[in-house]
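Before any comments, here is the structure.
The values are calculated or read from the model by the stated rules, or taken from the named source; none is laboratory data. For clarity, every value in this text was computed on a predicted model and none was experimentally measured. Cβ sites come from the backbone with ideal geometry, for glycine too, and all protein chains shown count toward neighbours.
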Amino acid sequence: MTNSRKPPFGLQRDGSIDRRDFLRTAGRLGVGAFGLSSLGLASAANAADPFNIGWIRPTTGRLASSFSYLYIGGLIAIEEINAAGGIMGRPIARIEEDDEASPAKEPAIVKKLQGSGVNFIAGPTGSSQSLSSVATTTPGKIIQATYANGAELGDGVKYPYHYQCTFNTNQQGEIAVRYLVENQKLKKIGILQENTAFGEQATAASRATLKKLGLEPVKVEVYPLTAPDLNSYVGNLRKAGLDGLICWIASVPAAAMAFNAMNSQKWYPPITGHNGLFLDALFELVPPEAIAHVYGTMYRSLMWSDTTSPGERQKAFAKKVEGFYPEGKGSGVPVANSPYYDFLHVLKMVIEGEKSFEPEKVKKALDSVKGYKGLLGTINFTPENHTAIGIEDIALASVSSGKDPRAMGIFREMAK
Amino acid sequence: MSSRTRSALLVALAVVLYLAPFAVGTEYRLFIATQMAAYVLVAVGLNLLNGYGGQVSLGHGALVAIGAYAVAIATVDHHWSFWPAALLAMLAASAVGAVMALPAFRLSTWYFALITLGFAEVVGGLLTEWRELTHGFAGVVGVPKPVLFGHELSSLDLYWLALTLNIAALWGMANLLASRFGRALVGVRDNPVAATASGVSLVRIKMLAFVVSAAMAGLSGALYAVQKTVVTPDDFTADFSIFFLLVVVLGGAGRLWGPVVGAVVFFLVPELLAALQSWRMLIYGTALLFLMLYAPHGLVGAMDVGWQHLRKWLGLPAVTPPPVVATSRQTVEPVAGEALSVQGVEKRFGGVTALAGVSLEVAAGTTHAIVGPNGSGKTTLLNMISGFYPIDAGSILVDGRSVVGLAPHRIARRGVGRTFQTPRMLPALSVLDNILLGAYPAERQSALSATLRLPVARREQAASLADASRYLDFVGLADRAHEAAGELPHGQQRLAEIARALVGRPRLLLLDEPAAGLSLDELDRLGELIAAIGRLGTTVVIVEHHLELVANICSSVTVLERGAVLASGTPAEVFSHPQVVAAYMGTQAGVGQAAS
Amino acid sequence: MDPDLLVGALTAGSLYALVAMGFNILYRPTNVFNFAQGDLVMLGAMVGATFITLLGLPWFVGAVLAMLAVAALALLEEKVAVAPVLNRSATGHGWVITTLAVSMIFANVVGLCWGPDPIAVKPPWPLSTDTFEVLGANVSTYQIAIVAVTIVLVLGVEAFYATRPGKAVLAVAEDRDAALLRGINPNRLSSWSFFLGGGIAALTGVLAAPVLYASTGLGPALLLKGFASAAVGGIGNNRGALIAGYIIGLAEAIAASVLSPGYQLAATFAVMLVILLIRPHGLFGRPEARTV
């Protein structure tokens, strides 16, 4: 298979990118079965210049198994867009780089992509990783959407070229706290937090909300990503005598370890937290009472309740996700929560509206997107606020409802 | 190739490197090149410590981390300018490096390697734990570029800065290694006892090597921080430290250009093998194993060997350095010999009594022999006089001052020189360099002046070289000056060792069985040599079995048997003493039967 | 003090003592400190987890298979990375780097084969990790088993060194050449010691898996703590390693509850350094005389 891409704008080219990308595709160590069709190359009939998007995604490293499949939403979007003729006639092509989910690797990767003439980037995943990445994309004036919830990344003044197409930690903190305090009437709240930018900002938001309600967290335990087990952290929380626990956990192994620890200490508090808790493996790992009262933040559009259910568009999306991701590692919710689907569709809309691929023009247009009905929620941007989603579009959903057939892999029942 | 040609080639290389970006530079390539230069800095420092000094440190990554974080926190959180921040980085890293070095003085090499590894892990953990200071896992973001005279450095400027630092580091390192410090460090690695006997304080030299390598790591960290603009704990895993060791070993430990070659190969290979990204660490591990087993001198070592073979194949003559000529035939200055007084010295090893109350007196400027059957405690006595073994009881006075409890290198600096039963040479260095090691205590230049090749250092080095050449001549080894000491036959190694001891201008010279294994011809020469040394005024104490030699050159003799003095006096008196004849020479009559 | 801490300390300490014992067994005849030891433990855990959890074999069968597999790997390591270096120079330190290289190789092969995610392993029936209360502390039957098994193993190994073959090992440690002259084959002993050391490492890994998770992160953590226990106890002394293991486990537990769990490694390290600087040969080691 030859690759006849030419970098746009006639910039100096490395040459080695093409070969490398090809080799990487060929040598990919199956973390999820991606077909070669997902490269999104146009059919042979269309000889138009492809529109290159940087794709920063971890395929190796400690967090690869938690993050690598979170780009499926983006792949679906690319397929849809290219099938409809691409953006202004140009098919989207991905230039993928492995960042190993390490903040340390981000600057070099951005420089490399810059060198290939890329002006738009999807990824990385993770707030710490994204903060490291925007440090280089911002001066480089590269338009970027990351899968990161840290509220700082929605600051349009600090990071004018970054668009956060997910809900942010401020909103998550608010919802998670209010459910425990107002809905469940609990007073002694504790927090288990991963030692990352996401964890920090989520805890900060939780504290702020608790303060508004006249409370303080009884105990906050921060664990490093390299912790071999979470027994002592969970033990410390348990001994503090909590009524309710908030878990800001974003990696699969840590979620498993936390619940294991709670199980061996026979402690089953009510829990709210991040969508990293929607781990289907928990059903095998711990008894049902452990997850009976566990809720994670999610989009309303992907939830059902006694009175509502997800729309047809979302159901079609669920079927497509299953097509891309049949083994169903059981993390359907984080996969569906991916920002790239909506980002790419918004990008197409904006570029075709401006009739230009130039980043400054695109940025201006993005900053005035109002009321766009995305798959996950309504998207609004202003020059100052780059967090797309409003708090009214998210809520808590129950983890245990993952067993329900209505879940279709990615939906969950709204918390009562 | 002559040194002129070499210098010209190096200058040409430097020019090419400075100008290269105009031809093939892209942002990304500059980024990688600058990062590689930062690695070279650390590797050069680590090569000093590990390649030349033999200390395995697996913690240098942590020192780079400290430098990088120092600059990042100082410039981002406290708005310092880069230049004082870089200085802070070097100081902080040196301080931590010094602390990390402390266990090395009491514990053996591999303990030390593990402790440095532990250090690296602890630092990594603390970087994440001390979130208020270090910004935790997300790290410090947005490190500003340095500003020089109002002009903010671009990536190209940064590359040039890194390149300049590299060149300065290599130059300074070459100077340091060629000085007495370099020799002392090799002594620490290859033969600590020889170094100690030449007055080298092992602790001080190790500490010097540590602090220098730590400072370079800190400086590298400063460069790292401004180049990446983001400093996170993930940059500095334990693997990071191991990378540096790999670079040093890959390039060639103990070779000046090793770190450069190692860093270049280390960086180029992943770029070429990008497809094997996930196998990278596995490849490095295998490469490291392979190298240590089959090419312990790394790529530079292999290239050297290959070059030698090529020269032979091409029929080129072997390179001969200029012959060493003693600068003048002037006589060597006389020495004020020290007197030795040993009183009631005792030594026990577990249940065995090696010395049971030995006393002897040696007048200044005389030549005294200690003889006795094997196991009578002769070498033990010498070891105690020179401080290598502690005393259980008794006193030892050199020049009227007690040396009991002093460290051996201190005693060496008091003017006590010695040789050993088995010659202790530094096999990798040339004969001349080995002898120059003996000049260590006499030279006064500081490490800084040696590194910068200040005039005072150069003068001192020239004087020592003249001295060494003279003694080389004195012992008759002038024609073998540039051969590796390990290649010398046994007898000549002994002579070289004596020359080494002489360069230090000892006032009391202890010779441990210098005649063992010598041919008759060499024996004669040795006798003349010792007599000449005695004529200079040096007090000589010689442990020997060759009684004829002893009778010819010594004015007094002590006979030891089973740790006690059997007889003492002039050779004639002692050798006709009936007990001595019976106990020592047994039924074999006559003097001159060797029993080595 | 919270009695739970004590339980945790004893359990963790036992595991560290077992790692230390693996070190000591390897060290005795070779004077080589195996940097890949932590990875051997991890390999034991991963292989055991594969057999027990993923393939569903009975616990004992899986454990024995893991021990054999890892022991063979340790033997391979000795032949490839240790013996050649020792033969070149019996007192050199080239093995520091070769065993380090082997450690890198093992760790990455495991990472490539199994991925970075931890595998959970259930303890053998009738033991379990569920806790019940005893004297105010929460203990599980599995934890009790670990502590007991460790003590038995330590006493067993010590008993072995009192036998004739055991004494041969000690002889080789003292003076390789002299032992050779007495008809002892140091190379064979080295190979056997690596084989056994690898087996013990694997057993440690399998025992640790239900408590610590089988994952690639297990190696480095245990390397350092096992080394700390061996060093504090006196290298080569297994009873010392047991006591030292408890001390280290206790230091860790106290640091976790008084400071924060993130300080555990720093605390362990600090304790080890202090003890070593006061007694460089460990609490129960004997100093060696220098040879000049």
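Some points to look at:
- Any hit, segment B:266-284, residues being in a helix (DSSP H, G or I), of a type in the set (A, V, I, L, M, F, W, C) and crowded, with 24+ Cβ neighbours inside 10 Å: no
- Subset of segment C:215-229 that is away from chain B (no Cβ under 11 Å) and not hydroxyl-bearing (Ser, Thr, Tyr) - its residue that is surrounded by the most Cβ atoms within 10 Å (Cβ to Cβ): C:LEU222
- Within segment C:250-276, residues that are more than 9 Å from chain B (Cβ to nearest Cβ) reach partners that are buried (at least 22 other Cβ atoms within 10 Å of the Cβ) and at pLDDT below 85 with beta carbons closer than 6 Å, at six or more positions or on different chains, in the pairs C:GLU252/C:GLN264; C:ALA253/C:GLY8; C:ALA255/C:GLN264; C:ALA256/A:SER232; C:ALA256/C:GLN264; C:PRO261/A:SER232.
- For A:PRO310: the one exception among (1) within 30 Å of A:LYS187 (Cα to Cα); (2) in contact (Cβ under 8 Å) with a residue 40 or more places away in the chain; (3) not in a helix (DSSP H, G or I): (1)
- B:LEU17 falls short on exactly one of the conditions (1) within 14 Å of another protein chain (Cβ to nearest Cβ); (2) not in a loop (DSSP other than H, G, I, E, B), and that condition is (1).
- Candidates A:ALA240, A:ALA202, A:ALA258: the one that is within 14 Å of chain B (Cβ to nearest Cβ) and aliphatic (A, V, I, L, M) is A:ALA202.
- Residue within segment C:121-142 that is assigned to a helix (DSSP H, G or I), farther than 27 Å from C:PHE194 by Cα and not hydrophobic (A, V, I, L, M, F, W, C) present: yes
- Meets criteria (in contact (Cβ under 8 Å) with a residue 60 or more places away in the chain, among the hydroxyl-bearing types (Ser, Thr, Tyr) and surrounded by fewer than 24 Cβ atoms within 10 Å (Cβ to Cβ)) for B:SER94: yes
- Residue identified as aliphatic (A, V, I, L, M) and more than 14 Å from every other protein chain (Cβ to nearest Cβ) among B:LEU176, B:LEU127, B:LEU117: B:LEU176
- Residue check, B:PHE119 among the aromatic types (Phe, Trp, Tyr) and buried (at least 21 other Cβ atoms within 10 Å of the Cβ): yes
- Check on C:VAL110, aliphatic (A, V, I, L, M), surrounded by fewer than 16 Cβ atoms within 10 Å (Cβ to Cβ) and either more than 23 Å from B:ASN50 (Cβ to Cβ) or at pLDDT below 90 (or both): no
- Only one of the listed residues (A:LYS315, A:LYS370, A:LYS348) is without any contact (Cβ under 8 Å) to a residue 24 or more places away in the chain and either part of a helix (DSSP H, G or I) or more than 20 Å from the chain's Cα centre (by Cα) (or both). That residue is A:LYS370.
- When B:VAL503 is tested against (1) of a type in the set (Val, Ile, Thr); (2) without any contact (Cβ under 8 Å) to a residue 40 or more places away in the chain; (3) crowded, with 19+ Cβ neighbours inside 10 Å, just one condition goes unmet, and that condition is (2).
- Restricting C:ARG239, C:ARG182 to residues that are of a type outside the set (A, V, I, L, M), surrounded by fewer than 22 Cβ atoms within 10 Å (Cβ to Cβ), more than 9 Å from every other protein chain (Cβ to nearest Cβ) and closer than 16 Å to C:GLY13 by Cα narrows the list to C:ARG239.
- Considering residues of segment C:69-90 that are within 21 Å of C:VAL206 (Cβ to Cβ) and surrounded by fewer than 16 Cβ atoms within 10 Å (Cβ to Cβ) only, the residue nearest to the other protein chains (Cβ to nearest Cβ): C:LEU76
- Condition met for C:TYR263 (more than 26 Å from C:THR99 (Cα to Cα), surrounded by fewer than 24 Cβ atoms within 10 Å (Cβ to Cβ) and among the hydroxyl-bearing types (Ser, Thr, Tyr)): yes
- Positions within segment A:127-152 being away from chain B (no Cβ under 11 Å) and either in a helix (DSSP H, G or I) or touching a strand residue (DSSP E or B) at 6+ places or on another chain (Cβ under 7 Å) (or both), in sequence order: A:THR137, A:ILE142, A:ILE143, A:GLN144, A:ALA145, A:THR146, A:TYR147, A:ALA151
- The residues of segment B:333-371 that are assigned to a loop (DSSP other than H, G, I, E, B) and surrounded by 15 or more Cβ atoms within 10 Å (Cβ to Cβ), listed by number, are B:VAL335, B:GLY337, B:GLU338, B:ALA339, B:ALA364, B:GLY365, B:THR366.
- Among the residues of segment B:510-546, those that are modelled with pLDDT of 85 or more and of a type in the set (Gly, Ala, Ser) comprise B:ALA515, B:GLY527, B:ALA531, B:ALA532, B:GLY534, B:GLY537.
- Counting only helices (runs of 4 or more DSSP H) that fall entirely inside segment C:174-292 and contain at least 2 residues that are among the aromatic types (Phe, Trp, Tyr) and either touching a strand residue (DSSP E or B) at 6+ places or on another chain (Cβ under 8 Å) or over 29 Å from A:VAL220 (Cα atoms) (or both), the qualifying elements are C:186-212.
- Sole residue being touching a residue at least 60 places away in the same chain (Cβ under 8 Å) and part of a helix (DSSP H, G or I), chosen from B:ALA74, B:ALA70: B:ALA70
- Within segment B:78-91, being closer than 19 Å to B:LEU133 by Cα, touching a residue at least 24 places away in the same chain (Cβ under 8 Å) and either within 24 Å of the chain's Cα centre (by Cα) or surrounded by fewer than 18 Cβ atoms within 10 Å (Cβ to Cβ) (or both) holds for B:SER81, B:MET90, B:LEU91.
- Residue in segment B:372-422 that is farthest from the other protein chains (Cβ to nearest Cβ), counting only those that are of a type in the set (D, E, K, R) and surrounded by fewer than 17 Cβ atoms within 10 Å (Cβ to Cβ): B:ARG401
- Residue among B:PHE22, B:PHE31 that is surrounded by fewer than 20 Cβ atoms within 10 Å (Cβ to Cβ) and either touching a Cys at 6+ places or on another chain (Cβ under 7 Å) or within 14 Å of chain A (Cβ to nearest Cβ) (or both): B:PHE22
- Selection from segment A:87-115 of residues that are in contact with a strand residue (DSSP E or B) (Cβ under 6 Å, 6 or more places away or on another chain) and either in a strand (DSSP E or B) or closer than 27 Å to A:GLU354 by Cβ (or both): A:ILE87, A:ARG90, A:ILE92, A:ALA93, A:ARG94, A:ILE95, A:GLU96, A:GLU97, A:LEU113
- Any hit, segment B:535-553, residues being assigned to a loop (DSSP other than H, G, I, E, B), in contact (Cβ under 8 Å) with a residue 24 or more places away in the chain and more than 30 Å from B:ARG348 (Cα to Cα): yes
- Here A:PRO124 meets the list (1) touching a Lys or Arg at 6+ places or on another chain (Cβ under 9 Å); (2) assigned to a helix (DSSP H, G or I); (3) buried (at least 24 other Cβ atoms within 10 Å of the Cβ) almost entirely, failing just condition (2).
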